[in-house]
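The values are calculated or read from the model by the stated rules, or taken from the named source; none is laboratory data. Because the structure is a prediction, the values reported are computed rather than measured. Positions of Cβ are backbone-derived with ideal geometry, glycine not excepted, and every protein chain shown enters the neighbour counts.
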Amino acid sequence: MTTTTSTAGADGIYVLAAHPHWRDSRVNRQLLAAARAVPGVQVNDLYGSYPDFSIDVEAEQARLAKARLLVLLHPIQWYSAPPLQKLWFDDVLSYGWAYGRGGTALQGKDCWLVATTGGPDASYHPQSYNRYFFDAFLPPYEQTAALCGMRFLPPLVFHGARSASDAEVAAHVDVFAQRLGSYPQWPELEELDACVACPVPETDRPAELDDADKAASAAFYSATARGLASMSAANEENNNNNEKGTA
Ligand SMILES: Cc1cc2nc3c(=O)[nH]c(=O)nc-3n(C[C@H](O)[C@H](O)[C@H](O)COP(=O)(O)O)c2cc1C
């Protein structure tokens, strides 16, 4: 399990850091290190904790129940969260726990998206290649939080993660660390309304997955993860052989 907690300080903050390839990360890797250095913050490297995509739902719910602020830290991939973060939503935010009848575990907590994009700020514009302002991609996050009774705090987004200067990256990492250290004393929080209530009628509740369905789903993800890992190992070996061949 790749979770870390430092003692004393910003209690009640749970950072979920999801990056499929930490080795290639320029910005999120530094944000992860900064979060780990803030006393009291609990940090979970999702891909490190669940390389087989088999999420420990009970453990995750226990961590969330203790937290006051959930931080979603990841690169934007295809205008959304990386796949393991998405699976975490699917598995952990269950009916009757996070939302729906009796699902009050997250009511009154805060949710904060801290994301990076490859596209620079100017690319998120109707006249540029991303065609929409970045805010247009936020409703799925915002409504996920709202359905669970969480306030969705103004996101901290770093655009142009590949092209930004080292100084810009360092300044951003500082802002993130400072924010974690000072939560919940953020001026803008005073102006934020409480989360709107989103009761889900009984008639709309999802079908229960039985144990066989759950086992089949876990086996599918596990097999997929193993397949991806071996493809990636084979590719790496191929690349190495090619490099040797052309040397
Ligand atoms: C599969 C994949 C999908 C991506 N999709 C987007 C995207 O939709 N929008 C965007 O601006 N950047 C996209 N990117 C770029 C990443 O967001 C960018 O590389 C990342 O934020 C950089 O952070 P890092 O230095 O921590 O890796 C994508 C990258 C990958 C690998």
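Pairing residues of the stretch 66-79 that are near the ligand (Cβ under 6 Å from one of its atoms) with residues that are modelled with pLDDT under 95 and part of a strand (DSSP E or B), at Cβ distances under 8 Å and at least 6 apart in sequence or on separate chains, gives no pairs at all.
Return only the number of the condition from (1) of a type outside the set (A, V, I, L, M, F, W, C); (2) without any contact (Cβ under 8 Å) to a residue 40 or more places away in the chain; (3) within 14 Å of the ligand (Cβ to nearest atom) that residue 117 does not satisfy. Going through (1) of a type outside the set (A, V, I, L, M, F, W, C); (2) without any contact (Cβ under 8 Å) to a residue 40 or more places away in the chain; (3) within 14 Å of the ligand (Cβ to nearest atom) one by one, residue 117 breaks only (2). The set of residues in the stretch 172-195 that are part of a loop (DSSP other than H, G, I, E, B) and surrounded by 10 or more Cβ atoms within 10 Å (Cβ to Cβ) comprises 183, 184, 186, 192, 195.
Selection of the stretch 145-171 for residues being away from the ligand (no atom under 16 Å from the Cβ), at negative phi and outside any strand (DSSP E or B) yields 145, 146, 147, 148, 150, 153, 154. Considering every residue within the stretch 140-152, establish whether at least one is without any contact (Cβ under 8 Å) to a residue 24 or more places away in the chain, in the same structural domain as residue 71 (by TED's automatic domain parsing) and among the charged types (D, E, K, R). Checked the stretch 140-152: at least one residue is without any contact (Cβ under 8 Å) to a residue 24 or more places away in the chain, in the same structural domain as residue 71 (by TED's automatic domain parsing) and among the charged types (D, E, K, R).
Going through (1) surrounded by fewer than 14 Cβ atoms within 10 Å (Cβ to Cβ); (2) modelled with pLDDT under 95 one by one, residue 131 falls short only on (2). Quickly run through the stretch 69-100 and pick out the residues that are surrounded by fewer than 19 Cβ atoms within 10 Å (Cβ to Cβ), in contact with a Phe, Trp or Tyr (Cβ under 8 Å, 6 or more places away or on another chain) and assigned to a loop (DSSP other than H, G, I, E, B). Residue satisfying the conditions is 79 alone.
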